[in-house]
Amino acid sequence: MSTALIESLARYEATEPQIHAFARYDVEPALLLDAALEFTGATGALLRVPVGVKDIFDTAGVPTERGSALYAGRIAERDADVVRNLRAAGAVIVGKTVTAELAFYEPGPTRNPWDISRTPGGSSMGSAAAVAAGVVPLAVGSQTNGSVIRPAAFCGVVGFKPTAG
């Protein structure tokens, strides 16, 4: 198992009870993929890097519930393009990060890792909190109206919104 994955799991176990950054953290699939990447000698810019994915992006075979009871138990059939590209670069998707309901409505239970009495802000709250807590070095969010940059600023991490196209 990679050092990065060991550290991710340790930080998840230490911080998740307080900050609730993840809707789900999938240890077994991450361990299997990490071992397969090591065994096959795969290459890639993100080889064996643990990554969290906001729970609005489909991840094949994993529930994508969008923070809403409307989608409870919905299993994605295929990866969203961003997830497919991360996997192609060798990333290990460790779990789905909490989002506000449908990335817009009711905020999730996530707390700011620097002060759990405070919000991490915005719909990509779980992604920013997971990075700030050191659970993952990289997480995917989505930006509509400050949904990445606000939580990043609140949590003291970098939020990046690339241009379209």
Tell me the net charge near THR119. Cut-off is 11 Å between Cβ atoms, THR119 excluded, with +1 for each Lys or Arg and -1 for each Asp or Glu.
+2
Where labels lie 7 Å past Cα in the beta-carbon direction, separation of PHE104 and ARG118 in nm:
2.9 nm
Tell me, how many Å apart are the Cα centres for segment 117-165 and for segment 35-99?
17 Å
Amide H contacts under 5 Å for SER68, restricted to residues at least 5 apart in sequence or on another chain and with H modeled in the peptide plane, are LEU102
Counting Lys and Arg as +1 and Asp and Glu as -1 over every other residue whose Cβ sits under 13 Å from the Cβ of GLY159, the net charge comes to +3
Is any residue of segment 37-55 close enough, with backbone N under 18 Å, to a label point placed 7 angstrom from the Cα of ALA10 along the Cα-Cβ axis, and if so, which?
49-51
Which length gain, in nm to one decimal place, applies between THR3 and LEU32 when the Cα-Cα distance is subtracted from 0.36 nm times their residue separation?
9.0 nm
Sequence gap at least 6, Cα distance under 8 Å: using those rules, report the relative contact order of the chain to the nearest whole percent.
25 percent
Of 11-18, 34-41, ordering from highest average Cβ density within 10 Å down gives 11-18, 34-41
Near the amide H of VAL140, under 5 Å away, which other amide H atoms are found, from residues 5 or more places off or on another chain, if H is placed in the peptide plane?
GLY52, VAL53, LYS54
Karplus-derived 3J(HN,Hα) from phi for segment 45-51 (6.51 cos²θ - 1.76 cosθ + 1.60, θ = phi - 60°), whole Hz, x at Gly and Pro, runs 5, 10, 3, 6, 7, x, 10
For segment 1-80, what is the relative contact order in percent, using Cα pairs closer than 8 Å and at least 6 residues apart in sequence?
24 percent
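Where a number appears in this text, it was derived from the coordinates with a stated rule and is not lab data. Everything numeric in this text was worked out from a predicted model, so none of it was measured. Cβ coordinates were reconstructed from backbone atoms using ideal geometry, including for glycine residues, and neighbour counts include every protein chain displayed.
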